[in-house]
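Q: Handing you a structure now.
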Amino acid sequence: MAQASTVYRFTIDVSHVDRGYYETLDVRTARHPSENIDYLLTRVIALALNKEEGLEFSKGLCEPDEPAIKRVAPGGEVLTWIEIGNPAANRLHKASKASRRVAVYTYKDPQNILRECEGERIHRADGIEITAIDPRFLKDLAATLDRTNAWTLLANDGELTISVGEESFTTTLQPHRLAGRDR
């Protein structure tokens with residue numbers, strides 16, 4: 001018998017100073033049995049950092065052609081495509097052709113993405129945003145994870161702080177850019 005997904009709830013007070021975005025989010029997401037905790041946390045953080053009207057989790061792991069997070073216009077055009085982890089060059093090419101904005105949030109070594117994409121033809125490669133989140137930060141944050149979570153998230157000048165109760169965790173969001181050839 002297949003394992004069932006586990007549902008997590010996050011109440012996140014977001015203060016994204018760089019974007020001028022201040023909201024409280026009520027996020028529910030299912031963790032697929034094959035999804036690791038770092039992927040789950042990165043997915044939730046990416047949603048909170050990019051939140052705008054219409055941005056939502058897609059079917060993700062259950063639909064391999066879907067991004068982890070997306071924003072779709074009323075007419076069906078994909079406006080934002082967000083990947084989690086280390087997507088392949090051909091996936092980034094497809095994402096960039098299919099949407100206006102592509103972002104990647106990785107909890108792995110970002111050099112792996114940069115190496116794989118080096119010299120590859122990727123549509124609008126220089127516009128793809130890659131943000132690395134320190135795995136130690138995620139490990140510390142994971143120690144507080146429960147089925148119901150209350151976070152205070154502050155993003156300012158490339159620094160990310162998440163407070164959970166009396167504990168606070170801070171990391172630098174490391175931006176990277178692809179140098180692939182445009183096609």
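Q: For region 115-176, give the magnitude of the charge dipole about the Cα centre (Cβ charges: +1 Lys/Arg, -1 Asp/Glu; no others), in debye to the nearest 20.
A: Value, rounded to 20: 200 debye.
Q: Spin-label point model (7 Å from Cα, Cβ direction): what's the Glu66 to Ser5 distance in nm?
A: 0.7
Q: Probe radius 1.4 Å, ligands and nucleic acids left out: which of Phe169, Phe10 has the largest accessible area, and how do the rest follow?
A: Phe169, Phe10
Q: What are the equivalent ellipsoid semi-axes of region 58-161, built from the alpha-carbon gyration tensor (square roots of five times its eigenvalues), in whole angstrom, biggest first?
A: Computed over region 58-161, the values are 25, 18, 13 Å.
Q: R0 = 22 Å: FRET efficiency of Glu129 with Asp26, Cβ-based, nearest 0.05?
A: Between Glu129 and Asp26 the formula returns 0.30.
Q: Would you kindly calculate the mean projected area, averaged across all directions, of the convex hull enclosing the Cα atoms of region 6-72, in square nanometres?
A: Average projection, Cα convex hull of region 6-72: 4.8 nm².
Q: How large is the dipole of region 103-150 about the Cα centre if only Lys and Arg carry +1 and Asp and Glu carry -1, each at its Cβ, rounded to the nearest 20 debye?
A: Dipole of region 103-150, to the nearest 20 debye: 140 debye.
Q: At a 1.4 Å probe, what is the % contribution of carbon and sulfur to the accessible area of region 55-180?
A: Here carbon and sulfur together make up 46 percent of the probe-accessible area.
Q: Test of understanding: express the Cα radius of gyration of the chain as a ratio to 2.2 N^0.38 Å, with N the residue count.
A: The value comes to 1.01.
Q: If you rank Asp65, Asp13, Asp134 by how much accessible surface each has, with a 1.4 Å probe, what is the order from largest down?
A: Largest accessible area first, the residues go Asp65, Asp13, Asp134.
Q: In a Gaussian network model over the chain where Cα atoms closer than 10 Å are linked, find which of Pro110, Pro87, Pro64 has the largest mean-square fluctuation.
A: Pro64
Q: Identify which of Gly158, Gly20, Gly76 has the largest mean-square fluctuation in a Gaussian network model of the chain, with springs joining Cα atoms closer than 10 Å.
A: Of Gly158, Gly20, Gly76, the most mobile in the Gaussian network model is Gly76.
Q: Right, here's the next one. Tell me the per residue accessible area of region 1-79 using a 1.4 Å probe; a whole number in Å² is fine.
A: On a per-residue basis, region 1-79 sits at 54 Å².
Q: Using the Cα centre as the reference, give the magnitude of the dipole from point charges on the C-beta atoms of the chain (Lys, Arg: +1; Asp, Glu: -1; all else neutral), rounded to the nearest 20 debye.
A: 680
The values are calculated or read from the model by the stated rules, or taken from the named source; none is laboratory data. Just so we're clear, the structure is a prediction, and the values are computed from it rather than from any experiment. Don't worry about glycine lacking a Cβ; one is built from the backbone with ideal geometry, like all the others, and counts go over all protein chains shown. The accessibility values were calculated without ligands, DNA or RNA, using every heavy atom of the protein model including side chains. Shrake-Rupley method; radii C 1.70, N 1.55, O 1.52, S 1.80 Å.
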